[in-house]
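K.L.:
Before I ask anything, let me first share the structure, which is written out below as structure tokens.
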Amino acid sequence: MNAAGPVAPSGPRILLRRLRQVMAGPGTAQERMDQLVVTIAANMVAEVCSIYLLRDGALELFATEGLKRSAIHETTLRVGEGLVGQIAQLARPVALSEARSHPNFAARPETGEEDYHSLMGVPVLRGGRVVGVLVLQNRTNRSYSNDEVEVMQTIAMVLAEMVGGALQEEIPGAGVLGADGLPRRIAGLALNEGLARGVAVLHEPRIVVEQHVADDIDVEAARLNTAVAELRIQVDGMLQAAIAEPGGESRDILETYRMFAHDKGWMARMHEAVQSGLTAEAAVERVQVENRARMSEIGDAYLRERLHDLEDLSNRLMRHLTVSGGQMADDDLPDQAVVVAWNMGPAELLDYDVGRVKALVLEEGSPTSHVAIVARALQIPVIGRLDQLLDIVESGDDLVVDGDNGQLFVRPGTDALEAFGANLELRQAKAAQYAALRDQPAVSKDGTRIQLNLNAGLLADLPHLDETGADGIGLYRTELHFMVRATLPTVSVQTEFYSRVLDQARGRPVLFRTLDVGGDKMLPYLTRYDDEQNPAMGWRAIRLSLDRPVLLRMQIRALLKAAADRPLAIMFPMIAEVSEFRAARGLLEREVERQHRMGEVGPSSLQVGTMLEVPSLAWQLGALLPMVDFVSIGSNDLMQFLFASDRGNPRLANRYDELSPAALSIVRDIVRRCSAAGVPVSLCGEAAGRPIDAMALIGLGLRSISMRAASIGAVKMMVRSLDLAALQAFMEDFYDSPEHSLREALTKFAEDHGVAI
């Protein structure tokens, strides 16, 4: 009995038909579920088959063959408790030949399961959400095959039909987690700033499949082919529309999207599922489940986001198989909509009437995801990494989105709404003040001019130059152009892109940073990355570029061609020692010589500098400064490396302060040495965009800082209210202080001297 091998290819079809007969037969839903576990156990050669379903927030034993029947509706497990709870929590199958030795094993004596050693369980999914768990058990140490796990996943899909149909009518609440209706606050990750209030609109492109078992396999295969063809036509049309529009990011993103739509492996897996006896819709859903399992096992954030694009395509294909024809309906979309989703592909957001979408909130998501990039271009606030979002939010809920601080308020109470109203009024009032200063220079009360520049990385960021009155772009992150593409951009493609950046800057300075990829910014089409214990300090930025010099030379060649009789400034990231800068500059000089030989028009002037992000470089300034035209301090990484503190670790978020004596002292020393050598120095990083931090940086001697667009107004207002001489005299006594931070003292100075912070 227990030595059974994988289920034969024809086995799943026969079993699915038997299960369908049971489900369509007479009797109550409970009686039919009791018959289902008997049929499954017999066909899967198992001594136990059990069905657990969510009810009132817990997993309840609804049916079993092999365990004590007295335990039915009496035995419950919390989500995450025991192996069954783990399967529900992670939405992933588990197959163990010796389950009792697993650390998550939790026996329930009332079931009589202590005699069983092996266990295999799969989640029961409906509409993309876990509603229960289907479990097999055997007395001996049985090794379940991958084919058997796949068959069980297919059975679970069929079981989901009953959970959403007859069972709901007989036992309301079975297979539903549900929200508690209480006000909630969820902390997440701010992906795009902004403040918004609106009505929750659940993004539910995953259509619930009502029929899983195919009546005619040939008919289902033909339906699948037709839907895929329609999908490809639709995606091609979206790409053509994007090509006709100004800007480049949407086009690049949709080119990646189109590549997935034409992927032969994806199509083959869906056809295999149809041949096993599933309908076309069920086949798409089956492959979706497999892709989600792959997502959960991939640590690479970039690759996970690309799999989310494939999820988006699957959702769209599912709609092509139904009456909706692949389009999201906007007829019922409220004017103040907050779209709520597990995750989204970029095309899904563009399906909405974006004029009505006030914010986007995601259970997953990352700053480098395609949908976050598109939302940023549309100026839609976005929050990601909102744990249990879809379990808490219901359609129509009142939501307050604080994209500045990464907070979502669900069904907010009176206090939260009053705070939102006050913050919104304050934000609008400040925005009006900042707008009035747009054309005014950032000059301190005692006459010192400060250059306020933008950090940018997308063509969509360029209009902010005029909107904010910024002096130029102090950091252009060129890697974003690479990250939204399906393939490595050629020299001609890069040249066109950089030329458009310079065109839109209209003579204002732009500091291009060469590729800073690696770490959390992967380019899977470029190379194979090995797992690194500490990727932030690993093979990234200039280290990668010097090991792949052709990549760097291609980028430099494109930048030189794009400048074409215009000024050009280039800087290299993460230089740790002077020899790295010399090597990088050597590659640049070779490209300059090549351009001269080819008779091409080069830049009217060329400045070459470096980011100073690695503390070791601060002790080599004597050798470095004669070789550079400028230095840009990258405060984010500099502070991370200075304090040996992962800036992405929430436990360390407030442990070290950029306004500590140590941090201020190293920046002051860099500024002084650059000034003495006559080398311009600037700073780009999060600190530059906070008025109190920016005040301290200016007090250290910096006269050029670069920040996000939303910070320009507040920092300019601070500068225009500042007596710089008084600040510098005040700060002189604090560099040797033993205090953790000077933030409190600097804040008190600002309050006493009327500085707008």
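K.L.:
Residue-wise, which Karplus ³J(HN,Hα) couplings in Hz belong to region 129-137, taking 6.51 cos²θ - 1.76 cosθ + 1.60, θ = phi - 60°, and x for glycine or proline?
P.N.:
Calculated HN-Hα couplings, in order: 10, 6, 10, x, 9, 10, 10, 10, 9 Hz.
K.L.:
When a footprinting reagent is the concern and you count Cβ atoms within 10 Å, what order do M554, M259 take, fewest first?
P.N.:
On the way: M554 19, M259 14.
Ascending number of Cβ neighbours within 10 Å: M259, M554.
K.L.:
Enter the angle in degrees (range 0 to 90, nearest 10) between the Cα long axis of helix 264-275 and the first principal axis of the Cα atoms of the chain, meaning the one along which they spread out most.
P.N.:
Computed tilt is about 20 degrees.
K.L.:
Sticking with this structure for a sec: Need one word for region 336-492: rounded, prolate or oblate. Basis is the Cα gyration tensor (sqrt eigenvalues a ≥ b ≥ c); a/c below 1.5 gives rounded, then a/b vs b/c decides.
P.N.:
Working: a/c = 2.52, a/b = 1.19, b/c = 2.11.
Oblate, since a/c reaches 1.5 and b/c is not below a/b.
K.L.:
Something else: Starting from the amide H of L125, placed 1.01 Å from N in the peptide plane, find each other amide H under 5 Å away whose residue is 5 or more places distant or on another chain.
P.N.:
Result for L125 returns V131.
K.L.:
Considering only DSSP beta bridges with both partners in the chain, what is the antiparallel share in %, to the nearest 5? All intermediate terms of the calculation are to be shown ahead of the outcome.
P.N.:
Values: 47 of 88 bridges.
Around 55 percent of the beta bridges assigned by DSSP in the chain are antiparallel ones.
K.L.:
Relative to the Cα centre, what is the charge dipole magnitude of region 552-614, using +1 at the beta carbon of each Lys and Arg, -1 at the beta carbon of each Asp and Glu, and rounding to the nearest 20 debye?
P.N.:
Details: 9 positive and 8 negative charges, 50 e Å.
Dipole of region 552-614, to the nearest 20 debye: 240 debye.
K.L.:
What is the order of D236, D115, D657, fewest Cβ neighbours within 10 Å to most? Write down the numbers at each step before the final one.
P.N.:
Numbers: D236 14, D115 10, D657 19.
Going from sparsest to densest Cβ surroundings: D115, D236, D657.
K.L.:
Right, next: Computed on alpha carbon atoms, what radius of gyration and Dmax characterise region 571-661, expressed in Å?
P.N.:
According to the Cα coordinates of region 571-661, Rg and Dmax are 17.0, 56 Å.
K.L.:
Please turn the phi angles of region 196-201 into ³J(HN,Hα) values with the Karplus equation 6.51 cos²θ - 1.76 cosθ + 1.60 (θ = phi - 60°), one per residue in order, whole Hz, x for glycine and proline.
P.N.:
Those phi angles translate into 8, 10, x, 9, 5, 10 Hz.
K.L.:
Arranged by the count of other C-beta atoms within 10 angstrom, fewest first, what order do T490, T495, T76 take? List each step's numbers first, then the result.
P.N.:
Values: T490 11, T495 20, T76 17.
Arranged by neighbour count, lowest to highest, T490, T495, T76 become T490, T76, T495.
K.L.:
Counting Lys and Arg as +1 and Asp and Glu as -1, each charge on the Cβ, what is the dipole of region 74-123 about the Cα centre in debye, to the nearest 20?
P.N.:
Numbers: 4 positive and 7 negative charges, 59 e Å.
The dipole magnitude comes to about 280 debye.
K.L.:
Decide, for region 689-735, between rounded, prolate and oblate: order the square roots of the alpha carbon gyration tensor eigenvalues as a ≥ b ≥ c, take rounded if a/c falls under 1.5, and otherwise choose prolate if a/b is larger than b/c, else oblate. Show your work: numbers first, answer last.
P.N.:
On the way: a/c = 2.48, a/b = 1.85, b/c = 1.34.
Note, shape of region 689-735 comes out prolate.
K.L.:
Which one, A419, M23, G265, is farthest towards the positive end of the dipole of the chain when Lys and Arg carry +1 and Asp and Glu -1 on their Cβ?
P.N.:
G265
K.L.:
Using amide H atoms built 1.01 Å from N in the peptide plane, name the residues 5+ places from L683, or on other chains, whose amide H lies under 5 Å from its own.
P.N.:
Result for L683 returns I633, S704, I705, S706.
K.L.:
Might you report the magnitude of the Cβ-based charge dipole of the chain about its Cα centre, with Lys and Arg at +1 and Asp and Glu at -1, to the nearest 20 debye?
P.N.:
On the way: 76 positive and 102 negative charges, 399 e Å.
Magnitude of the dipole: close to 1920 debye.
K.L.:
Order the peptides 268-275, 742-749 from the highest to the lowest mean number of other Cβ atoms within 10 Å of their residues. Intermediate results must be reported in sequence, preceding the final value.
P.N.:
Working: 268-275: 18.2, 742-749: 16.5.
In decreasing order of mean packing, 268-275, 742-749 become 268-275, 742-749.
K.L.:
Kirkwood Rh over alpha-carbon pairs of the chain, then Stokes-Einstein at 37 °C and 0.692 mPa s: what D in µm² s⁻¹, rounded to an integer?
P.N.:
Numbers: Rh = 29.0 Å.
In µm²/s, the coefficient is 113.
K.L.:
Now, a different point. To the nearest 10 degrees, how steeply does helix 414-436 sit against the main Cα axis of the chain, on a 0 to 90 scale?
P.N.:
That works out to roughly 30 degrees.
K.L.:
From the square roots a ≥ b ≥ c of the eigenvalues of the alpha-carbon gyration tensor of region 11-170, which class results: rounded (a/c under 1.5), prolate (a/b over b/c), or oblate?
P.N.:
Working: a/c = 1.42, a/b = 1.21, b/c = 1.17.
Rounded.
K.L.:
Which of A222, P615, S145 sits farthest toward the positive end of the charge dipole of the chain, with +1 on the Cβ of Lys and Arg and -1 on the Cβ of Asp and Glu?
P.N.:
Final value for the positive-end residue is P615.
K.L.:
Say the dipole of the chain comes from +1 at the beta carbon of Lys and Arg and -1 at that of Asp and Glu; which of L511, L189, W539 then lies farthest toward its positive end?
P.N.:
It is L511.
K.L.:
Can you pull the percent of Cα pairs in region 603-725 with separation above 21 Å?
P.N.:
Working: 3046 of 7503 pairs.
Result for the distance tail: 41 percent.
K.L.:
At a temperature of 25 °C and a viscosity of 0.890 mPa s, determine how fast region 437-752 diffuses translationally according to Stokes-Einstein, using the Kirkwood radius over alpha-carbon pairs as Rh; express D in µm²/s, rounded to the nearest whole number.
P.N.:
Details: Rh = 20.3 Å.
After rounding, the answer is 121 µm²/s.
K.L.:
Suppose we keep just the DSSP beta bridges with both residues in region 437-752; what percent of those would be antiparallel, to 5? Numbers along the way, then the final one.
P.N.:
Values: 2 of 32 bridges.
Of those bridges, close to 5 percent are antiparallel.
K.L.:
Related question: On a 0 to 90° scale, report how tilted helix 491-505 is relative to the longest principal axis of the chain, with both axes built from alpha carbons and the result rounded to the nearest 10.
P.N.:
In the chain, helix 491-505 runs at an angle near 60 degrees to the longest axis.
Here, each number is a calculation from the coordinates, and none is a lab measurement. Just so you know, these numbers come straight off a predicted model, no measurement behind them. No Cβ is skipped: glycine too gets one built from the backbone with ideal geometry, and neighbour counts run over all protein chains shown.
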